[in-house]
Amino acid sequence: MQKEDYLLLFLVAFYVLDPFTYGFLFGYAVLAFLLLYFSKAIKLFDTTLLILFLFSIVYALFYSFNPGLGAQFILIYSIVPGALYLSGKWLRIRTDNIGSFWILILLGFVYSVPAIISILKFINENGFVSVKRDVPNIWTGELLSATNMASAFALNMCIPGIFIIGNKIIKYKLTYIVLTGVYLVSIICVFRLGSRTQLALSIFSVVIALIFKVSKQNLRQNFVTFVIIFIALNGLLSYFSFDTETDLLSAYADRMDSKTHGVATAGGRTNKWEKSIIYMFKEPLGWELKEFGFAHNLWFDATRVGGVISLILLLAFTLRSSKVMMRLFSLNKRISLLDGQLLLYLSCFFLSFFVEPILEGYFILFSLFCFIVGFSHSHIGKSNSRKITPNQSVI
């Protein structure tokens, strides 16, 4: 990496850190950086970026008629996703496997830092068990919903999956120590917030990792893998209590089996999804938030704001992102830690997108998704050109 690469990484990191909620200024700075190095950045333009840019513009135009979050977001929605996508392509091209692995880990951790500090501060002042799930934001002091704050842990929840894929690839004990520390702190925060989505992401990452690994191993290796998983699960079930009456799981009490907000209704979301489908035909140019609130789904909420046109463009971007995931799954015959890491991240993004109001609630998460889609595009290009080996084991 050269000096300009470190500068770009610095700008992206501070965008996801969102200091004092002014992170969008670093998003503008990312665009300024790309314009400054336009002769290099233009070589990264592709069809996926064009589709993303068109979606961003159309969505921002529709949003401008009723800017619920403020007029500032018109510009943010227009330029930040594309700028982050190009940044991802740029940084992957100019880093090796090891550097790329740590860039992704770093951004996932930096994104979670404000939430970690906020929650640990709250626990220190009020104790772990509390009636309220919501926690004050460290940047503003304002109470932030538990669901919103929990989104910051999405990438950290993939660490168990990374351990499974990285077995025999990750060699340094320090790497295990760092990742374990990040995950333990994150999962404690998730328990305090009572986030079912983040727990699901953690479990989902293990399932995806196993599917990825099994597809690239022989029968003997798969047998050993499942024996280890069986022993680990048996130990977990033997020594960890899943009783919601315990202090650790107290935030989940009365939520798992609730008739209106339980697991069976995806936290009360299924009814809103049904209404969204009806309104897509009833109001093809979008509808008001007051009709039935957020749909808690990226595509339905995008349709509510930007109409069917936004939905079509977003589906096109989604399709191209899905193709990237398929390429990552089959890119190398041997197990590649970076292939698996990117696949885990993209998979967990999509799971989050199905159950949360992303563009109006977790826009930084969507921007980070665009970054990793761009990152993955460049990674596939480098792999196809044989400039990297599928497996580097000095991490």
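Rule-based calculations on the coordinates, nothing more; no lab input. Bear in mind the structure is a predicted one, so any value in this text is a computation, not a measurement. Cβ sites come from the backbone with ideal geometry, for glycine too, and all protein chains shown count toward neighbours.
Give me the number: length gained by fully extending residue 214 to residue 69, i.e. 0.36 nm times residue separation minus the C-alpha to C-alpha distance, one decimal in nm. Working shown, then result.
Working: separation 145, 0.36 × 145 = 52.20 nm, distance 4.50 nm.
47.7 nm is the gain from fully extending residue 214 to residue 69.
What does the chain give for Rg and for Dmax, in Å, if only its C-alpha atoms count?
Just the Cα atoms of the chain yield Rg and Dmax of 20.9, 60 Å.
Counting pairs of Cα atoms in the stretch 34-98, how many percent are more than 17 Å apart? The partial results should precede the final answer.
On the way: 1000 of 2080 pairs.
Summing the P(r) of the stretch 34-98 above 17 Å gives 48 percent of all pairs.
Over the stretch 82-240, with a single point scatterer placed on each C-alpha, what log10 of the ratio I(q)/I(0) does the Debye formula yield at q = 0.11, 0.16 1/Å?
Values, matching the q order: -0.55, -1.04.
By count of other Cβ within 10 Å, fewest leading, how are 42, 98 ordered?
Numbers: 42 10, 98 14.
Ordered from fewest to most neighbouring Cβ atoms within 10 Å, 42, 98 come out as 42, 98.
Amide H to amide H under 5 Å from residue 356: which residues, 5+ apart in sequence or cross-chain, H placed 1.01 Å off N in plane?
Excluding prolines and chain starts, which carry no amide H, the hits are 297, 298.
Just how far, in whole angstrom, is the stretch 289-348 from the stretch 122-170 if you go by their alpha carbon centroids?
If you average the Cα positions of each part, the centres end up 22 Å apart.
Show me 147-156, 298-307, 20-29, 167-176 ranked by packing, highest mean number of other Cβ atoms within 10 Å first.
Values: 147-156: 25.4, 298-307: 23.5, 20-29: 16.4, 167-176: 13.2.
Descending mean neighbour count gives 147-156, 298-307, 20-29, 167-176.
For the stretch 16-171, what number results from the quotient of the Cα radius of gyration and 2.2 N^0.38 Å?
Ratio of Rg to 2.2 N^0.38 Å for the stretch 16-171: 1.24.
In nm, to one decimal, how far is the modelled label at residue 334 from the one at residue 200, with both set 7 Å along Cα→Cβ?
So the two model labels end up 3.7 nm from each other.
If I model a spin label as a point 7 Å beyond the Cα along the Cα-Cβ vector, how far apart are those points for residue 174 and residue 271 in nm?
So the label points at residue 174 and residue 271 sit 5.4 nm apart.
What ranking do 96, 339 get, fewest neighbouring Cβ atoms within 10 angstrom at the top?
Ascending number of Cβ neighbours within 10 Å: 96, 339.
Under a 5 Å amide H to amide H cut-off, with H placed in plane at 1.01 Å, what residues pair with residue 144 once short-range neighbours are removed?
Excluding prolines and chain starts, which carry no amide H, the hits are 135, 137.
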